[in-house]
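Working notes, structure below.
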Amino acid sequence: MINKLLYNSILAIFLLLLSSSIIIPEIPVDVEEGKLEVSGRIKNEKNKDLDSALVIVTDSTGRKTLHKYYTDEKGKFKFTLDYNEKVRVYFEHPGYVTMFGSFDTKVPNSKIYKNLYYEASIALLDDSSNFNKQTAKVEPFLLVAYNSGFEIFIEDLDHTFNFIDQVTEPNVGKLTLSGMVQDSTADSLKVRIEAIDSLGRIIAETKTDFDGKYEIEVPLMSKTKLVFISDSHHPSNASIEGLVPNANKEEYYNLKHNFILIPEEERITENVKKLNEDKILFNPVTQNFAADKLVRKNYEYAVAVSKRRLLMKGTLIDKNGGVVIPMEIEVLDGDALYASYEVDSPKYNAELPYQSMVRVNFKAKGYHPMYVDINTKMGMNEMDSIKEFIVPIELISEDSAAINSDAFELPAKKFYYDPVAGLFILDTAASSEFATKLIEDGGKILDTAVATGFLMLSAQLINFATGDKIFEGRVKILNENKSEVSSILTDKKGKFSAQLGLNKLYYLEFEKEGYHATRIKIDTKVPKGMENTDINQGGLVALIVHKDDEINGKIVPAELMEDMDVTGYYFSEEQDAFVEDTKVYESFMDAVMAYKPPLAKLPKPPVDTVKEVILPTTIALKGKAVDKFNEPLAEIDIDFIKDGKKVTKATTDENGNFKIELPIDQSFVAELSKKGYHTATVSVDTKVEDKKAIIEKEIAIPNLKMYQEDDLDANPVAFKKDMTRISYNPSSMEMKSDPEVQREFTKTLVIIPDNQKLAVKGKTKDANGKTIGSTKIMVYEGAKLVDSVRSDEKGNYELLLAYQKDYRVVVEEDGYYRSYAAVSTKTAVANQRLVDKKVKDLDLVIVNRKEAKINAMAFLKPFSRVKFDADKNEFVEVGEVEEDFMANLFVKPKAAPKKEEKDEKGKGSVQLEVQSLAVKQIIAKPVSDEDYIPSTVTTAGAERQAQKNLNRSQAAANTQMNNFHRMMNGVREQKAKSMRDMNLDMEQILSDGYSVTGPREEPLNDNMIKALETRQMLNQIVAEAVGFRNNKLPPISTDSIFDLNFRFRVEHSTSGRGVYQLEIDKILHKNKITEYVQEREWWFFYDYYKNGVLIDESEYEEELAVYKKNAGVVTMN
């Protein structure tokens, strides 16, 4: 008992002493984290409470359900969410559209142990209401996140407004696909099908039932990708082109279609996995959707090729006589593993895919790893003829002396298929390079060869996280020491070009306001032999990281960007091009995911003395005014306006810089002005929560950009809006621009206003001047259709055409000839700004096919031409063109022969008979007199007529050239068909020949016109396309060459035949006939004859000119 009392006394004293101790150890205590409490009420559009509405909380994808709740009789609900999560919350009720909101519960560490609250008022849309249900289905109507400025959870109002804008847009129809999903071994499959839109969002998903049947619904007027996911099959996909005519966009369509998947045990190449199995698109003929048979056929062909195997076999040889087993062999299809083998004998067999760039790796313990490259691309018939080939592999022991291990980075051998020889050929250059490298001294890396060639690089700068194109981004070119060599800006599409020397190391660093300085690495080292050639490389993607964007859920820290390259590029011999270095990209991504911010410094102990802090009442701002090229602008006046009154002013210095102090917690409008520049406005919000943070600090404003008034790329309408809205960002301690306001300004800025286009007005009429209503009018720029309208019932139409372009305004209607007007909006000064320019009363003429004696060839030329008159500073109609068209529109009766008259001036009687001035062409047969068709014309006004003929020929040739260019552009579908038809016509013409027997009496249809047009003018065009020039016509670019029909020229010339064009003049003078002949072979080889004797060109021209000059009378036959 005493001992117990003693023990308790000692314990009490000890505790008393312990509690009075100066040093008290900190004992960790578990503190429960706070939560976000979400509450609210669900109503309908009529403000009626919805009882028993279902509230479902899911993960961020909407697939996994986490919790379910129901509203009470007053429509109220309440639930909690853990911090630092992303979830969706769905709101459902029978008779209403299911809608969802997105919640991001990430909070600062200072708030993690506190409960925060968000109260929502939800209005569900009635299922029968007229709104865009597709938007309500796939877009969150609510985005809720923590706002560090207000220190509470609030919704993103901009997103809500955008949602309202979208949901009030007209509905679009749907395409319902149904059918079976099968494979080659089973009647039905259990497959999940996802429909993904162009932004990567899942807009619909379904699963096949027990019988393998499926049904899925996708919206019209958009592109959708169907992805088929099965545990036992290769991934497969199909594309749906949902575009239909505007008149049909609210329709609903059904299509039954079966899809076929490939079992996983069947090996196919990586290229096949990326192909579309099917393509579904709208057929305007049947007015329904259908599968593109060509896409399916190409896919089945690729699958068939992929299932074939090329056997590569041989013997494994040790150069020093050792045994080379066991051996591991890997077959790579591009970068993907295709097959692997373990070999335990000196002989090996390996199956390779056809139609691929294959790499075969050989690895054995104690030996240097080496590889062989094989290009297995060949035709289907060739695959049947060669199914295997032998390649002995000579391995080199790691104990071998004087071996340069760097050689094993090169292929030991390279093979490619030679269709002429019908077998695989060894690339001796590659083998020689490997052998040479192998014996270089001690693996020393030699300096790369001195290069005189360049990499001509074309790339596009995009946002790393969103894929958005970055326009006017700064691209700095750095050398191997990361010193700046030069810099350029990206264009409106984020594209830029650079010229880099070969065999060097470069870095490209990208800068843009609001983005990290982002760097990529480009190694321009190329194989020996290529260092003195120029390499054009397009399509490279350059990445830039925004300061606020997340990558895999993490913000990229600035300190990480200072030392890291986000990706790199190097030259790949396999692909014969510069490709992305995925190792650099993966290293960057690993660094982002592994990054941990440094530990925060411990707070300093409190100071005994209390110092009063005087909070600022103004905020000191500094900024810079720049032009569109980011060059500084001096003497820009910046007025700061509040409630319509100017409160203060700043002016930029010679470097474009300015400083200003503004009262805190107020809103201003900054108005920037300078003579010659558009006046621009910026909204400025000076609200600052933590005023201590800005004491004695100057806060930076983003650069303010100005545009010149004569800048053709700047739409004046844009300056009626704010360029941007800037406000204080406490995390960066800078003034930040509102990207949404800036985006809206930029969107308007690049639009050409209507008053800066040429307004063309008029009526559609027939040849007799009668108005024709509801006529189709199409505007072409080259081969591209840029606009299409119909005239109203009274024939009125109006077009708006951009400047500095050439257009064809085509008018057509059933039962009428197709005709066109040529309108050129080009001016003498290319960058001249034109405002409110108009062409009035440009009547578009169409001619009824029932009209008698119509010369259909007249429609090959424009019925009118409009061009810019610099003297009048207006666009005017060229009257002579219309007069010429109307003069040739009707077939004229043959003129009666004129009698011979004597020269009143006594110069003698000269009779000039011009034979076949329309030009007779004889193809692939000898020239004889019976081929000539006599015809005579008067020389009265011969010079004027010759000029008119030249103008007509040139106009017709230009029209034919446009068609020729259009076909040669490689366009698909109808245009490709036109090109094939043209080639077939030309082949027949050049093989069989043709003759012109005189003017046709019967009317010509469109097909006959096209044939005549091709026959009469393609000779001139092809000749000029290959570089031969007719001095009377302007040069035509040589990008129109195609070589299909030139083999006929070679065959005909070799056999002593040719294509001839003859012009014969028979001169009757002093009762003596002299015959002059001009002969053109193949359109550009000239010979001249006088009475059958060969003479030179000058003699021919001079003598014939004398006769024609002194001709007083011409006898007509």
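Points to keep in mind about this one:
- Summed over the stretch 196-245, residues that are under 20 Å from Ala291 (Cα atoms), touching a helix residue (DSSP H, G or I) at 6+ places or on another chain (Cβ under 7 Å) and β-branched (Val, Ile, Thr) total 0.
- When residues of the stretch 661-687 are limited to those that are under 21 Å from Gln742 (Cβ atoms) and aliphatic (A, V, I, L, M), the one surrounded by the fewest Cβ atoms within 10 Å (Cβ to Cβ): Val669
- Any hit, the stretch 366-376, residues being of a type in the set (D, E, K, R), part of a strand (DSSP E or B) and surrounded by fewer than 19 Cβ atoms within 10 Å (Cβ to Cβ): no
- Residue list for the stretch 267-286, filter: of a type in the set (S, T, N, Q) and assigned to a strand (DSSP E or B): Asn283
- Strands (runs of 3 or more DSSP E) completely within the stretch 770-838 that count 3 or more residues being modelled with pLDDT of 85 or more, surrounded by 13 or more Cβ atoms within 10 Å (Cβ to Cβ) and not assigned by TED's automatic domain parsing to the domain that holds Glu709: 776-781, 796-801, 806-812, 819-824
- Output for the stretch 241-266, where each listed residue is part of a loop (DSSP other than H, G, I, E, B) and either under 16 Å from Met221 (Cα atoms) or modelled with pLDDT under 85 (or both): Gly242, Leu243, Val244, Pro245, Lys249, Glu250, Glu251, Glu264, Glu265, Glu266
- Considering residues of the stretch 476-520 that are at positive phi and over 22 Å from the mean Cα position of the chain (by Cα) only, the residue surrounded by the most Cβ atoms within 10 Å (Cβ to Cβ): Asn503
- Residue match in the stretch 718-739 (condition: assigned to a strand (DSSP E or B), of a type in the set (Ser, Thr, Tyr), touching a Phe, Trp or Tyr at 6+ places or on another chain (Cβ under 8 Å) and over 16 Å from Phe658 (Cβ atoms)): yes
Yes or no, residue by residue, for (1) touching a residue at least 40 places away in the same chain (Cβ under 8 Å); (2) touching a helix residue (DSSP H, G or I) at 6+ places or on another chain (Cβ under 9 Å); (3) not assigned by TED's automatic domain parsing to the domain that holds Asn84:
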{"residue": "Gly467", "(1), (2), (3)": "no, no, yes"}
{"residue": "Ile470", "(1), (2), (3)": "yes, no, yes"}
{"residue": "Val475", "(1), (2), (3)": "yes, no, yes"}
{"residue": "Leu489", "(1), (2), (3)": "yes, no, yes"}
{"residue": "Lys512", "(1), (2), (3)": "yes, no, yes"}
{"residue": "Asp523", "(1), (2), (3)": "yes, no, yes"}
{"residue": "Lys528", "(1), (2), (3)": "yes, yes, yes"}
{"residue": "Val545", "(1), (2), (3)": "yes, yes, yes"}
{"residue": "Ile551", "(1), (2), (3)": "yes, yes, yes"}
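- One residue alone among Lys705, Lys747 is without any contact (Cβ under 8 Å) to a residue 24 or more places away in the chain, on the phi < 0 side of the Ramachandran plot and of a type outside the set (A, V, I, L, M), and that residue is Lys747.
- Any chance Gly95 is more than 18 Å from Asn162 (Cα to Cα), of a type in the set (Gly, Ala, Ser) and either touching a Pro at 6+ places or on another chain (Cβ under 8 Å) or surrounded by fewer than 17 Cβ atoms within 10 Å (Cβ to Cβ) (or both): yes
- Residue within the stretch 396-407 that is touching a residue at least 60 places away in the same chain (Cβ under 8 Å) and surrounded by 15 or more Cβ atoms within 10 Å (Cβ to Cβ) present: yes
- Of the residues screened, Glu250 is not one that is under 20 Å from Leu175 (Cβ atoms) and free of Cβ contacts under 8 Å to residues at least 60 places away in the same chain.
- Residue in the stretch 684-699 that is without any contact (Cβ under 8 Å) to a residue 24 or more places away in the chain, more than 23 Å from Glu511 (Cβ to Cβ) and not acidic (Asp, Glu) present: no
- Meets criteria (β-branched (Val, Ile, Thr) and at pLDDT 90 or above) for Val626: yes
- Residue match in the stretch 227-240 (condition: outside any strand (DSSP E or B), outside the structural domain of Glu139 (by TED's automatic domain parsing), of a type in the set (Val, Ile, Thr) and in contact with a strand residue (DSSP E or B) (Cβ under 8 Å, 6 or more places away or on another chain)): no
- Subset tally (residues that are of a type outside the set (Gly, Ala, Ser) and surrounded by fewer than 16 Cβ atoms within 10 Å (Cβ to Cβ)) for the stretch 139-152: 4
- Only listed residue being at pLDDT below 80 and not assigned by TED's automatic domain parsing to the domain that holds Gly200, chosen from Asn532, Asn463, Asn503: Asn532
- Within the stretch 107-137, the residues that satisfy the criterion of being touching a strand residue (DSSP E or B) at 6+ places or on another chain (Cβ under 7 Å) and exposed (fewer than 15 other Cβ atoms within 10 Å of the Cβ) are Asn115, Tyr117, Glu119, Ser121, Asp126, Asp127.
- Scanning the stretch 27-50 for residues that are surrounded by fewer than 16 Cβ atoms within 10 Å (Cβ to Cβ) and at pLDDT 90 or above gives Glu37, Ser39.
- Close contacts from the stretch 634-654, counting a first residue that is under 14 Å from Val684 (Cα atoms) and touching a residue at least 40 places away in the same chain (Cβ under 8 Å) and a second that is surrounded by fewer than 16 Cβ atoms within 10 Å (Cβ to Cβ) and of a type in the set (A, V, I, L, M), with Cβ to Cβ under 8 Å and a gap of 6+ residues or different chains, come to Phe640/Val647.
- Test for Ile614: is it of a type in the set (Val, Ile, Thr), modelled with pLDDT of 60 or more and surrounded by 12 or more Cβ atoms within 10 Å (Cβ to Cβ): no
- Residue in the stretch 89-97 that is out of contact with any Leu (no Cβ under 8 Å at 6 or more places or on another chain), more than 28 Å from Tyr146 (Cβ to Cβ), at pLDDT 85 or above and assigned to a loop (DSSP other than H, G, I, E, B) present: yes
- Checklist (1) surrounded by 16 or more Cβ atoms within 10 Å (Cβ to Cβ); (2) outside the structural domain of Asp384 (by TED's automatic domain parsing) applied to Glu266, failing item: (1)
The values are calculated or read from the model by the stated rules, or taken from the named source; none is laboratory data. Bear in mind that the values here come from a model prediction, so they are computed numbers and not experimental data. Every residue, glycine as well, gets a Cβ built from its backbone with ideal geometry; the counts of neighbours run over all protein chains shown.
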